[in-house]
Amino acid sequence: MAKKQFAIIGLGRFGSSVAKFLSEMGYEVLAIDENEELVQDVAHIVTHAVSADSTDEEAVRALGIRNFDVVVVAIGQDIQASILTTLILKDLGVKQIIVKAQNELHGKVLSKIGADKVIFPERDMGLRVAHHLVSPNILEHIELSNDYSIVEMKVPSQIVGRNLKQLDIRVKYNCNVLAVKRDGEMNITPHPDESLNSEDVLVIVGRNDQLNRLEQAYAEP
Ligand code: ATP
């Protein structure tokens, strides 16, 4: 199967790092910005880099944007440009449009006009940092919906040597341990009687309020 092809519109800090990492992973990337300097900055990294105004429908069409599997709109400050660009991409029939939103309202508008996925990088990173600050054992926090998340939690010192049966996370916190990561291996059928060690990482799914309770209960003193 041919590798996916990506177009990134807006080469600020976010867009340029998406473009850079996709290129490093061997994907074909078209990088677009109206600022020629930013285009030059990534020209040596990505497959094609062009300077264009993405609110100009003819210019966007001429770039053959329809042929890309995924288009990421990473325009932040100029909400109007972000919305117009998304509309144009939608009209041109782009298969998957992912758009960075500046705030909740911007996000709502983007969803309404047909963005396939709306992302809030600053908000999500803020949430992760906050969780990590409250409980340094939390290595990763992934929102599944407004109410549910998955967290990766380093086994806190107070439960080293105990097992999943003794912790009884399902009954006490209404959360499920999906997997235990040990030595880089993911065990998706962890044995309830097996002792946990300090290097293990628990992958837990649950309601946010219950996960918060669990995180606080297991926060190191
Ligand atoms: P960062 O990712 O750095 O946080 P940001 O969210 O502040 O960025 P902006 O700097 O507003 O976003 O926009 C990102 C880039 O999008 C800028 O480099 C800007 O030149 C580009 N951009 C804005 N409007 C357009 C447009 N109509 N066509 C092409 N590029 C545009």
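What follows is calculated from the coordinates using simple rules that are stated; it is not laboratory data. Please read these numbers as outputs of a predicted model, since none were measured by experiment. We place every Cβ from the backbone using ideal geometry, glycine too, and count neighbours over all the protein chains shown.
List of remarks:
- For the chain, relative contact order (Cα pairs under 8 Å, six or more residues apart, normalised by length) works out to 13 percent.
- 0 to 90° range, to nearest 10: angle between helix 208-217 axis and the chain longest Cα axis: 50
- Listed residue pairs exceeding 19 Å between alpha carbons, taken from LYS154/LYS181; LYS117/LYS154; LYS3/LYS181: LYS117/LYS154; LYS3/LYS181
- Neighbourhood net charge (10 Å Cβ-Cβ; Lys/Arg +1, Asp/Glu -1) for LEU139: +1
- For ARG61 and ASN146, the difference between the fully extended length at 0.36 nm per residue and the C-alpha to C-alpha distance is 27.0 nm.
- Aspartates and glutamates with Cα under 14 Å of LYS108, excluding same-chain neighbours fewer than 8 positions away: ASP116
- Computed lengthening from ASP193 to PHE21, 0.36 nm per intervening residue step minus Cα-Cα distance: 57.8 nm
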